[in-house]
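Some notes on the structure that comes next.
The values are calculated or read from the model by the stated rules, or taken from the named source; none is laboratory data. All of these numbers come straight from a predicted model, not from anything done at the bench. Using ideal geometry, Cβ is built from the backbone for each residue, glycine included, and neighbour counts are taken over all protein chains shown. Ligands, DNA and RNA are stripped out before the accessible areas are found, and what is left, the full protein with its side chains, is counted by its heavy atoms. Shrake-Rupley method; radii C 1.70, N 1.55, O 1.52, S 1.80 Å.
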Amino acid sequence: MTFCLSTQRVGSLKRTKIIFIVGFLVTMSALILYYVHALETTPSIHNGAIDLSNTEFSEDGVIALDGEWEFYWNQFLSPSDLDGEQYAFQYMNVPGNWLRDEAGNTYAPKGYATYRVTISHIPDATYFGLKKANIRNASNIYVNGNLVLEDGQIAKHLEESVAGNHSKVVYFELEESTAEIIVQASNHAYIVGGIAKSITFGTQEALTQQHYLKVLFEFAMILVVVVIGLFYLFIYFANSNYRKREPVTLPLALSCLFFGVMNSIYSERIIAIILPDLTLNSTFRFGHFMSALSIILVWIVVNKVNRVFLPYVLRNILIGFYGIFIVCVLTFPLEIYLNMLTFYMSATVVLFLAVWIRIAVLFIKAHPHASNVEHSTLVVTIFSVFLFWLDMIMYSLGAKTDMLISFLTISVYSIAFAILLIVRYTNSYKNNEKLTIQLIETFSTLDQTTREAQRNELAFLQAQIKPHFLFNALSSIISLCYTNGERAGKLLTDLSGYLKRSFQIDMNTDFVTIENELRLIQAFVDIEKARFGDRIHVSYDIDDDVLPLRIIPLVIEPLVENAIRHGVLTKKSGGEVKLTIKKQDQSIFICVEDNGNGVEAGLLRSILNQEGEKIQAKGNGVSLSNIHARLQNYYDVELQFDTSQQGTKVYVKVPTNHDQEEDTDD
């Protein structure tokens, strides 16, 4: 059966992996198709001009001004400069960096330039607009000779320049069907300059709708990440038990928050809407600081999920690497540390790819110290972070015009890890339930075992009909057979009744009626009186209403037996034993008195302290010690003793038991 279940489990894991691998291959195929399409631009501008009548502008209302713009390197040309005089220019592909023009000429990453394009056959309308997404790093835009947008301060040298590079939308009136757009741009700090992202031209209505949809999408993706981060941050501080059980909670929460903040400074720059006065210098430093912290936290998350995936030594090396970058961000001038960005982002892409390959290999091999859900989650999340940085570096270098994948993958990262924590919490809850059930079963078994032990103890007490008692009883009967046959027959009948009632005590029940207990006592007393004659006198003071009440077996009879054997029979003249059983409120009062020689103080202490070895050394009292212990266990009451040289009184009050059915079997 175990082999069958194990085989089914292995088969289930194989099916899960096959489904997961197929899903991954489908995702990879979709990503490849997306990137082929994203990197493949369809230019609408040729030789510095675009004719809208040859486009779908009339239906769409917007168009990306992509293609061959006139490019004037190391020149700030105004509309008046280009109005009559001819200047040498090349064609530069937009969007993209300005490192190489269409003719193959190369340019420095930093410098300044002018772009120009002419739009013709603009449909009849009054209000139009331009959306500038990313021009590195400062720019002025003119439309038909009018300055419509300034972002930062363009300059020929670093000292005079002020970086801007914020996503902006401007609107203007056009009274003609032709528009000349001139862009002056300068870059003295970033990795490479150029119009990195498409400039979009459109009607006011269509452009506004497109802009706000894009902002809404990016805001929604950021909101998902931030909300998950805040949720787990709240759980971490609000629930100490969860905090101890799930150490990954805090780094996951912080990584989500930092990723959310970092994404807000890219693309549409959501942070500029919230903090419009934030300078580009501060934005860059803050963003790169957040990016390094978020990466460090991702390494910590992977390590805490399961150190099999990322051992402590490797984690600490990676943390040290990004710690050095944080120091550079906080201390180096902007133009210096920005030169490190290409290496920083390239190294990040390579490192996440390497860690992902390690996790994927362990997933395929089914590492025994990592669960399937942990493996699956880390394969998804680390690949998502890898794609995030791959998309980021392509966007930063101008190879790609949007960060759609970056915003999507970071949401996948946060959601996947959130699902992992939910699954782990659910599994933990189920395991706790199983442990609780097992504990209950254990307690139930222990209770049954305890009851069985108590019944075995009762059986042991029954077996304590000592050989000398039987021997003496039988010897007396044999002697009487020669002298008094009638009395011998009576004694034999009494012995038979005593043995019958002793053996009829049901080991599977915990209680007997007082009436049955009294019959056993009477049989025992009759035998002892037959043996010892007038040396034994037993009297009874018993209420009739206590007879059907139930108590644990072998409590009263051993008390009477001890009173006879170790009480009155210690005197040559014998003595008297009195048994009293009364109902007092919700209790049964049981008392056995004898006028023997009393119990020694040391022996009494041994009985109450259940010191078995000392009791056995004394040669009596075993039954009293056992009764004392069983009364404590069942009723939480103890035997009480009044003893002196004139006799002993042993009594106890036990609660009545109304939950047991009466047993009146003979």
Starting from region 211-226, keep only residues that are closer than 19 Å to G129 by Cβ, then list their pairs with residues that are in a helix (DSSP H, G or I) and of a type in the set (A, V, I, L, M) whose Cβ atoms are within a distance under 9 Å, requiring at least 6 positions of separation or different chains.
-> V215/I270; V215/I273
Just one of the numbered conditions (1) in contact with a Pro (Cβ under 6 Å, 6 or more places away or on another chain); (2) on the phi > 0 side of the Ramachandran plot is not true of Y142; which one?
-> (2)
Any chance you could count how many residues in region 356-386 are basic (K, R) and either crowded, with 23+ Cβ neighbours inside 10 Å or at pLDDT below 85 (or both)?
-> 1
Out of region 274-300, which residues are part of a helix (DSSP H, G or I), free of Cβ contacts under 8 Å to residues at least 40 places away in the same chain and open to solvent by 60 Å² or more (accessible area, probe 1.4 Å)?
-> I274, F286
When both residues are 6+ apart or on different chains and their Cβ atoms are under 7 Å apart, which pairs have a first residue that lies in region 596-614 and is closer than 15 Å to A629 by Cβ, and a second that is at pLDDT below 75 and assigned to a helix (DSSP H, G or I)?
-> S606/K614; S606/I615; I607/I615
Which of (1) of a type outside the set (K, R); (2) under 11 Å from H288 (Cβ atoms); (3) not in a helix (DSSP H, G or I) does F309 not meet, given it meets every other one?
-> (2)
Out of Y482, Y540, Y498, sole residue that is over 20 Å from T656 (Cα atoms), at pLDDT 85 or above and not acidic (D, E) | Y540
List every residue pair whose Cβ atoms sit under 7 Å apart, with the two residues 6 or more apart in sequence or on different chains, where the first one lies in region 15-44 and is surrounded by 11 or more Cβ atoms within 10 Å (Cβ to Cβ) and the second, anywhere, is at pLDDT below 80 and not aliphatic (A, V, I, L, M).
-> T16/N372; A38/K400; L39/K400
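Does region 320-341 hold any residues that are open to solvent by 50 Å² or more (accessible area, probe 1.4 Å) and free of Cβ contacts under 8 Å to residues at least 24 places away in the same chain, and which are they?
Start the filter on region 320-341 by keeping residues that are open to solvent by 50 Å² or more (accessible area, probe 1.4 Å), which leaves 321, 324, 327, 330-333, 335-336, 339-340.
I324, V327, T331, F332, P333, I336, M340 - these are the residues of region 320-341 that are open to solvent by 50 Å² or more (accessible area, probe 1.4 Å) and free of Cβ contacts under 8 Å to residues at least 24 places away in the same chain.
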Do the conditions hold for V192, that is, is it over 27 Å from Y212 (Cβ atoms), open to solvent by less than 10 Å² (accessible area, probe 1.4 Å) and modelled with pLDDT under 95?
-> yes
Could you tell me which of the residues F71, F89 is hydrophobic (A, V, I, L, M, F, W, C) and either open to solvent by 50 Å² or more (accessible area, probe 1.4 Å) or out of contact with any Asp or Glu (no Cβ under 9 Å at 6 or more places or on another chain) (or both)?
-> F89
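Among the residues of region 368-418 satisfying the criterion of being in a helix (DSSP H, G or I) and among the small types (G, A, S), which is nearest to the chain's Cα centre (by Cα)?
Kept after step one, since they are in a helix (DSSP H, G or I), are these residues of region 368-418: 372-396, 404-418.
This time we only want the ones that are among the small types (G, A, S), so: 376, 384, 396, 406, 411, 414, 416, 418.
Numbers: S376: 16, S384: 22, S396: 37, S406: 27, S411: 20, S414: 15, A416: 13, A418: 10 Å.
Filtering first and then ranking leaves A418.
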Which one of these does V261 not meet: (1) without any contact (Cβ under 8 Å) to a residue 40 or more places away in the chain; (2) over 24 Å from L334 (Cα atoms); (3) buried (at least 17 other Cβ atoms within 10 Å of the Cβ)?
-> (2)
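Conditions (1) in contact with a helix residue (DSSP H, G or I) (Cβ under 8 Å, 6 or more places away or on another chain); (2) under 28 Å from L31 (Cα atoms), marked per residue:
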residue: E335; (1), (2): yes, no
residue: F343; (1), (2): no, yes
residue: L351; (1), (2): yes, yes
residue: W356; (1), (2): yes, yes
residue: I364; (1), (2): yes, yes
residue: E374; (1), (2): yes, yes
residue: T381; (1), (2): yes, yes
Would you be able to tell me the number of residues in region 171-189 that are modelled with pLDDT under 90 and closer than 15 Å to S139 by Cα?
-> 2
May I ask you to list the residues in region 121-160 that are open to solvent by less than 30 Å² (accessible area, probe 1.4 Å) and not hydrophobic (A, V, I, L, M, F, W, C)?
-> G129, K131, K132, N134, R136, N137, S139, N140, D151
Kindly check whether there is at least one residue in region 579-595 that is hydroxyl-bearing (S, T, Y) and open to solvent by 40 Å² or more (accessible area, probe 1.4 Å).
-> no
Hey, Y344 more than 30 Å from D151 (Cβ to Cβ), open to solvent by less than 50 Å² (accessible area, probe 1.4 Å) and part of a helix (DSSP H, G or I) or not | no
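Return the total of residues in region 232-251 being without any contact (Cβ under 8 Å) to a residue 60 or more places away in the chain, surrounded by fewer than 17 Cβ atoms within 10 Å (Cβ to Cβ) and either among the aromatic types (F, W, Y) or not in a helix (DSSP H, G or I) (or both). Talk me through it step by step, then tell me what you get.
Taking region 232-251 first, the residues without any contact (Cβ under 8 Å) to a residue 60 or more places away in the chain are 233-241, 243-244, 247, 250-251.
Subset that is surrounded by fewer than 17 Cβ atoms within 10 Å (Cβ to Cβ): 234, 237-241, 243-244, 247.
Checking which are either among the aromatic types (F, W, Y) or not in a helix (DSSP H, G or I) (or both) leaves us with 234, 237, 239, 247.
Counting residues in region 232-251 that are without any contact (Cβ under 8 Å) to a residue 60 or more places away in the chain, surrounded by fewer than 17 Cβ atoms within 10 Å (Cβ to Cβ) and either among the aromatic types (F, W, Y) or not in a helix (DSSP H, G or I) (or both) gives 4.
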